[in-house]
Amino acid sequence: MRTYDVVVMGGGPSGVPAAVQAARLGARTLLVEKNAGLGGTATGANIAFPGLFHAWGEQVIAGIGWELVRRTVELSGDELPDFRDDERPHWQRQVRVNAPLYGALLLEEVQGSGADLRLHTMAASARWTGEAWELRLCGKDGLEPVTARRLVDCTGDADMIGLAGLERRRNPARQPGTIDIRLSGYDVDALDHDELDRRHARAVESGALLPSDLGSLGRPLVPFLAKGGENAIHLVGIEGATTEGRTAGELAGGAAVLRIFRFLRTLPGLEGVRLDFRASEVGVRESVTIAARRTVTGRDYLAGRTWADSVCNSFYPIDIHRPDGSGIDKTHLRPGVVPTVPRDAMVPAGNPYAVVAGRCVGSDQAANSALRVQATAMATGQAAGALAALAADGDTDVVAVPMAALHRELVRHGAIVPTLPAGNTGNTTTATAPGA
């Protein structure tokens, strides 16, 4: 049986920084990913514009994830946005990355870190013995037992927490997923927009299209065409945390693409429309969160609360895609406010020998709609990897790791950590974020 100090499950935005950070701290580390490559949402679902790393003209999230994003932009010959311009919509301050290059750089970074990597592999079981995690991994060769002193769940759906019998929470009405596509073969400006809107309304009325297919209410067809369908399709009722639910989601995504494409081909000026790209998997915005030692609320997030155990900053508007697929409700942060993520939102209430990073951290739906984005996932991932490695090295649970030690290691590896509230005097090696 292979034995590791840290096993990181999931190689997406949070998992890669977690594994690299743990390995850099000397922990014998294994990264396990279900897909053929790393990157998760950015490479599998093609949502390849991570953000936000900057707030109010200053950088508030850095570290391993940011360096990989920055290197991808440099390697591809592209340029970073002007992060000083806060007047632009938030989505224009996200960083466009070349997904194939990004995925290749992630593989190179993990391999260079010294971490072991297992692709095409999922977990079949997880059990805490009181001393270690006994895991069974399922790959092409069958089942393999692995032991981990500390466990990091970066699966995006808290799969390991569920397998271990720990509590996960679901909102009764979840945000829709999406299937990313790219359309071409038409000139938006040359189309009869009024006629397209009439045809769209009739298609929805007849059932040829679903109201959620184009992602918003009103007159969505022209905006949908203007961006080639990118990150626009809403798939309602997606259950991302089960195999059955994921299968239903992929079927729904495929059906939506065909429904939309067949409809577009009937429209004047769109007879030659082409489908150039379809992501390999449906993107899930919301599935479950863990029952954590602390739950971050929307009120906490909008207030920019800094906790005694804050591990990283977060910056994104509250961004709730309506569960019926009819559009998005946004609440922007007040000028100068930068929220933070507490360690205790990353630790399951029932077991402090595991830590969770990414979109499943303990949070209500409002806070989670902002915390789920890739830049924050990268920051929580790096913090989780450090927590797990330090806990394994000190033979403690992750809550017992001193915040000063955690912050010191994160800063040493390029991360930005919040200035903690007065009275927490043990943490002096921190970088200050505006508004924190």
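If only one of Ala164, Ala132, Ala203 is in contact with a Leu (Cβ under 6 Å, 6 or more places away or on another chain), over 20 Å from Gly40 (Cα atoms), buried (at least 16 other Cβ atoms within 10 Å of the Cβ) and modelled with pLDDT of 95 or more, which one is it?
Criteria check complete, one pass: Ala203.
Would you be able to say whether some residue in the stretch 180-188 is modelled with pLDDT under 95, within 21 Å of the chain's Cα centre (by Cα) and either more than 30 Å from Met122 (Cβ to Cβ) or part of a loop (DSSP other than H, G, I, E, B) (or both)?
no
Residue under question is Glu74, and the condition is that it be over 25 Å from Ala383 (Cβ atoms), acidic (Asp, Glu) and modelled with pLDDT of 95 or more; does it hold?
yes
Which condition number in (1) in contact with a helix residue (DSSP H, G or I) (Cβ under 7 Å, 6 or more places away or on another chain); (2) closer than 28 Å to Pro339 by Cβ is the one that Leu105 fails?
(2)
Any residue in the stretch 411-423 that is closer than 17 Å to Val338 by Cβ sitting within a Cβ distance under 7 Å of a residue that is hydroxyl-bearing (Ser, Thr, Tyr) and modelled with pLDDT of 90 or more? List the pairs, counting only those 6 or more apart or interchain.
Pro418/Thr306; Pro418/Ser310; Pro418/Thr340; Leu420/Thr306; Leu420/Ser310; Pro421/Thr306
Of these, Gly237, Gly229, which one is assigned by TED's automatic domain parsing to the domain that holds Tyr186, part of a loop (DSSP other than H, G, I, E, B) and more than 23 Å from Asp157 (Cβ to Cβ)?
After ruling out the rest, the residue left standing is Gly229.
Does Leu191 satisfy the criteria of being at pLDDT 95 or above, more than 27 Å from Ile320 (Cβ to Cβ) and under 19 Å from the mean Cα position of the chain (by Cα)?
no
On the given criteria, is Ala126 touching a strand residue (DSSP E or B) at 6+ places or on another chain (Cβ under 8 Å) and surrounded by 15 or more Cβ atoms within 10 Å (Cβ to Cβ)?
yes
Name the residue, out of Gly245, Gly215, that is assigned to a loop (DSSP other than H, G, I, E, B), under 21 Å from the mean Cα position of the chain (by Cα) and either among the aromatic types (Phe, Trp, Tyr) or outside the structural domain of Trp91 (by TED's automatic domain parsing) (or both).
Gly215
What is the number of the single condition among (1) touching a Phe, Trp or Tyr at 6+ places or on another chain (Cβ under 9 Å); (2) at pLDDT 95 or above; (3) under 28 Å from Leu371 (Cβ atoms) that Ala208 does not meet?
With (1) touching a Phe, Trp or Tyr at 6+ places or on another chain (Cβ under 9 Å); (2) at pLDDT 95 or above; (3) under 28 Å from Leu371 (Cβ atoms) applied to Ala208, the lone miss is (3).
Can you find even one residue in the stretch 294-302 that is assigned by TED's automatic domain parsing to the domain that holds Val222, of a type in the set (Phe, Trp, Tyr) and modelled with pLDDT of 95 or more?
No.
Find all pairs meeting these conditions: Cβ atoms under 8 angstrom apart; at least six residues apart or on different chains; first residue within the stretch 146-161 and assigned by TED's automatic domain parsing to the domain that holds Gln382 and under 18 Å from Ala379 (Cβ atoms); second residue of a type in the set (Asp, Glu) and not in a strand (DSSP E or B).
Close Cβ pairs satisfying both conditions: Asp153/Asp159.
Among the residues of the stretch 394-408 satisfying the criterion of being in a helix (DSSP H, G or I) and over 24 Å from Thr155 (Cβ atoms), which is farthest from the chain's Cα centre (by Cα)?
Going through the qualifying residues, I end up with Gly394.
Take Leu80 and decide whether it is among the hydrophobic types (A, V, I, L, M, F, W, C), over 15 Å from Tyr316 (Cβ atoms) and in contact (Cβ under 8 Å) with a residue 24 or more places away in the chain.
No, not satisfied.
For the stretch 288-307, what are the residues that are out of contact with any helix residue (DSSP H, G or I) (no Cβ under 8 Å at 6 or more places or on another chain) and either part of a loop (DSSP other than H, G, I, E, B) or within 14 Å of Gly249 (Cβ to Cβ) (or both)?
Within the stretch 288-307, Ala291, Gly304, Arg305, Thr306 meet the criteria.
Read through the list (1) touching a Gly at 6+ places or on another chain (Cβ under 6 Å); (2) farther than 22 Å from Gly253 by Cβ, then give the number of the only condition that His332 fails.
(1)
Checking Ser326 against (1) among the polar types (S, T, N, Q); (2) outside any helix (DSSP H, G or I); (3) not assigned by TED's automatic domain parsing to the domain that holds Gly57, which test does it fail?
Just one mismatch for Ser326, condition (3).
The values are calculated or read from the model by the stated rules, or taken from the named source; none is laboratory data. Keep in mind the model is a prediction, meaning the values are calculated, not measured. Glycine gets a Cβ as well: all are built from the backbone with ideal geometry, and neighbour counts include every protein chain shown.
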